[in-house]
Structures are given as structure tokens and as C-alpha cells.
1. Can you tell me which residues in segment 75-113 are farther than 17 Å from T42 by Cα, without any contact (Cβ under 8 Å) to a residue 12 or more places away in the chain and part of a helix (DSSP H, G or I)?
2. Pairs needed: first member in segment 40-56, free of Cβ contacts under 8 Å to residues at least 24 places away in the same chain and closer than 17 Å to D72 by Cβ; second member anywhere, β-branched (V, I, T) and surrounded by fewer than 20 Cβ atoms within 10 Å (Cβ to Cβ); C-beta distance under 7 Å; at least 6 residues apart or different chains.
3. Does S53 satisfy the criteria of being out of contact with any Lys or Arg (no Cβ under 7 Å at 6 or more places or on another chain), within 23 Å of K2 (Cβ to Cβ) and outside any helix (DSSP H, G or I)?
4. Name the residues in segment 1-16 that are over 14 Å from S43 (Cβ atoms), of a type in the set (G, A, S) and at pLDDT 95 or above, would you?
5. Is one or more of the residues making up segment 106-113 surrounded by 13 or more Cβ atoms within 10 Å (Cβ to Cβ), at negative phi and under 12 Å from the mean Cα position of the chain (by Cα)?
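The values are calculated or read from the model by the stated rules, or taken from the named source; none is laboratory data. Just so it is clear, the model here is predicted, and its values are computed rather than measured. Here the Cβ positions follow ideal geometry from the backbone for every residue, glycine too, while neighbour counts run over all protein chains shown.
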Amino acid sequence: MKSDNLIKDLTFSFALDIIEFTEDLETKRKFVIANQLLKSGTSIGANVHESQSAESRNDFIHKLKISAKEADETEYWLRLCKYAKDYPFDEELLEKLNSIQKVLNKIIYSTKKNTRAI
């Protein structure tokens with residue numbers, strides 16, 4: 001799915017990757033981490049999507065901050081997979097997540113800056 005919205009595209013693609021990765025975790029019977037990672041990893045894009053219908057700039061910023069928090073939580077679960085014994089790990093997922101975090105932080109920062117200028 002490709003749109004004219006970079007962060008929506010990045011987070012949607014990432015959610016699909018997370019679904020695939022958590023299915024791999026489940027086949028290895030790592031159900032608890034798989035469940036946590038599935039929730040936080042797909043929530044990033046869901047909140048970005050919801051931000052597109054924000055009622056105000058403050059609401060937009062708030063929804064993106066929730067996305068950023070979910071991204072932080074997702075990073076935690078991915079790092080657990082990286083360092084835990086006998087867990088699969090995909091470095092590319094962490095790299096994609098870091099890109100998403102940078103874009104989210106830039107959008108939040110620039111929206112706040114533009115709000116102050118009004």
C-alpha cells in the first residue's frame with residue numbers, strides 16, 4: 001500500500017513486518033513476547049492513522065506522541081528478542097523502527113514549532 005504520506009506508509013509496512021515476525025515467534029512458542037510485540041508494533045500505525053483525523057493540532061500531536069510511545073515499547077520488545085537466549089531476531093525490523101521514530105519525532109517537533117508561531 002503506497003500513499004502520499006510517508007509516515008503512514010512506513011508504519012503500515014512495519015505493522016505487516018511485525019505480524020510476520022510475531023508469527024515466527026509463535027511457531028517457536030514465544031507467545032508472551034509475540035503478543036506484546038504484536039500489540040505495540042501494530043499500534044504505532046493505528047495511532048498514526050488516527051492522527052490523520054485529529055480535531056486540532058494538539059490532538060494531532062497527542063496521537064503522534066502515543067505512536068512514539070508505542071514505538072519505544074516496540075523497541076524494548078525487539079531488543080529483548082535480540083539479547084534473549086533462543087529467540088529469533090531481525091535487525092532490519094529495528095532499523096525500520098528507528099527510521100519511524102526519527103520521522104515521528106521530526107513531525108512532532110515541527111508541528112509544535114509551527115503551533116507556537118501562530
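1. Selection gives Y83, E91, K102, K106, Y109, S110, K113.
2. The qualifying pairs are N47/I66.
3. On the way: out of contact with any Lys or Arg (no Cβ under 7 Å at 6 or more places or on another chain): yes; within 23 Å of K2 (Cβ to Cβ): yes; outside any helix (DSSP H, G or I): yes.
So S53 fits the description; yes.
4. S13
5. No, segment 106-113 contains no residue that is surrounded by 13 or more Cβ atoms within 10 Å (Cβ to Cβ), at negative phi and under 12 Å from the mean Cα position of the chain (by Cα).
The rows are residues; the columns are (1) closer than 21 Å to E23 by Cβ; (2) more than 9 Å from the chain's Cα centre (by Cα); (3) modelled with pLDDT under 95; (4) surrounded by fewer than 15 Cβ atoms within 10 Å (Cβ to Cβ).
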residue: I44; (1), (2), (3), (4): yes, no, no, no
residue: E50; (1), (2), (3), (4): no, yes, no, no
residue: F60; (1), (2), (3), (4): no, yes, no, no
residue: E70; (1), (2), (3), (4): yes, no, no, no
residue: Y76; (1), (2), (3), (4): yes, yes, no, yes
residue: P88; (1), (2), (3), (4): yes, yes, no, yes
residue: E91; (1), (2), (3), (4): yes, yes, no, yes
residue: L97; (1), (2), (3), (4): yes, no, no, no
residue: T115; (1), (2), (3), (4): no, yes, yes, yes
